[in-house]
Amino acid sequence: MSDDCLFCKITAGKMDTEFVYEDSDLVAFKDINPMAPVHILIVPKKHIPTINDLKKTDTVLVGEMIQIAKRIAKEQNIADEGYRLVFNCGKMGGQEVDHLHLHLLGGRQMKWPAG
Ligand code: 5GP
Ligand code: ZN
């Protein structure tokens, strides 16, 4: 837990954010500024700033994030039509919140290359 981290506060339940999923390690909630009809963030409770800070021991946690994204995509009825999972990393990667999170985006046609 980092005292000045927004996502630490959200995952600790201090911001009244509604979770679409929660377990002992992860939460998922709707992005406040959605870029697609479905835009959900899958966020570990542990404070890991970026992908660059991942340790070998975080491998299972990251796998769980993807498994939960897959499960939520099915619940949101976007699994069959397809969706996008995104980790932004650092300034040039477009990361604004320095607490690891996985974006689940769907419900519209995605473009490539991503902007
Ligand atoms: P990043 O740019 O770091 O990959 O993504 C951060 C995401 O967090 C952005 O899509 C932004 O809209 C979202 N976000 C920022 N603050 C809040 C908040 O207070 N609540 C929620 N639900 N999403 C937030
Ligand atoms: Zn944090």
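The values are calculated or read from the model by the stated rules, or taken from the named source; none is laboratory data. Every value quoted in this text rests on a predicted model; they were computed, and no experiment measured them. Side chains included, ligands, DNA and RNA excluded: accessible areas come from the protein's heavy atoms. Shrake-Rupley method; radii C 1.70, N 1.55, O 1.52, S 1.80 Å.
Just a few scattered comments:
- Largest GNM mean-square fluctuation across Met35, Met92, Met15, computed for the chain with C-alpha springs under 10 Å, falls on Met92.
- Surface accessible to a 1.4 Å probe, Asp3 within the full protein complex, Å²: 130
- Along segment 57-71 the Karplus relation, 6.51 cos²θ - 1.76 cosθ + 1.60 evaluated at θ = phi - 60°, assigns HN-Hα couplings of 6, 8, 4, 5, 4, 5, x, 5, 4, 5, 4, 5, 4, 4, 5 Hz to successive residues, with x for each Gly and Pro.
- The chain - Kirkwood radius from inverse mean 1/r over Cα pairs (Å): 14.5
- Pairs exceeding a 21 Å alpha-carbon distance, out of Lys14/Lys74; Lys9/Lys45; Lys56/Lys111; Lys9/Lys30; Lys46/Lys74; Lys14/Lys55: Lys14/Lys74; Lys56/Lys111; Lys46/Lys74; Lys14/Lys55.
- In the complete set of protein chains, residue-level accessible area for His47 is approximately 60 Å², probe 1.4 angstrom.
- In segment 6-106, the portion of solvent-accessible area held by carbon and sulfur atoms comes to 51 percent [1.4 Å probe, whole percent, DNA, RNA and ligands not counted].
- Each residue of segment 18-29 is assigned a 3J(HN,Hα), and the resulting list reads 7, 8, 8, 7, 8, 9, 5, 10, 9, 10, 9, 8 Hz, derived from the Karplus form 6.51 cos²θ - 1.76 cosθ + 1.60 (θ = phi - 60°), x at Gly and Pro.
- Of the listed residues Ser2, Ser24, the order by accessible area with a 1.4 Å probe, largest first, is Ser24, Ser2.
- Note that segment 100-115 has calculated 3J(HN,Hα) couplings of 3, 7, 10, 8, 10, 10, x, x, 8, 5, 7, 9, 9, x, 5, x Hz, one per residue in order, obtained from phi through the Karplus relation 6.51 cos²θ - 1.76 cosθ + 1.60 (θ = phi - 60°); glycine and proline are x.
- Helical content of the chain, expressed as a calculated mean residue ellipticity at 222 nm, amounts to -6000 deg cm²/dmol (DSSP H runs of 4 or more residues, -39,500 (n - 2.57) each, divided by residue number, nearest 500).
- Residues whose amide H comes within less than 5 Å of that of Leu26, counting only those at least five positions distant or on another chain, are Lys45 (H built at 1.01 Å from N in the peptide plane).
- Relative contact order %, the chain, counting alpha carbon pairs below 8 Å whose residues are six or more apart: 29
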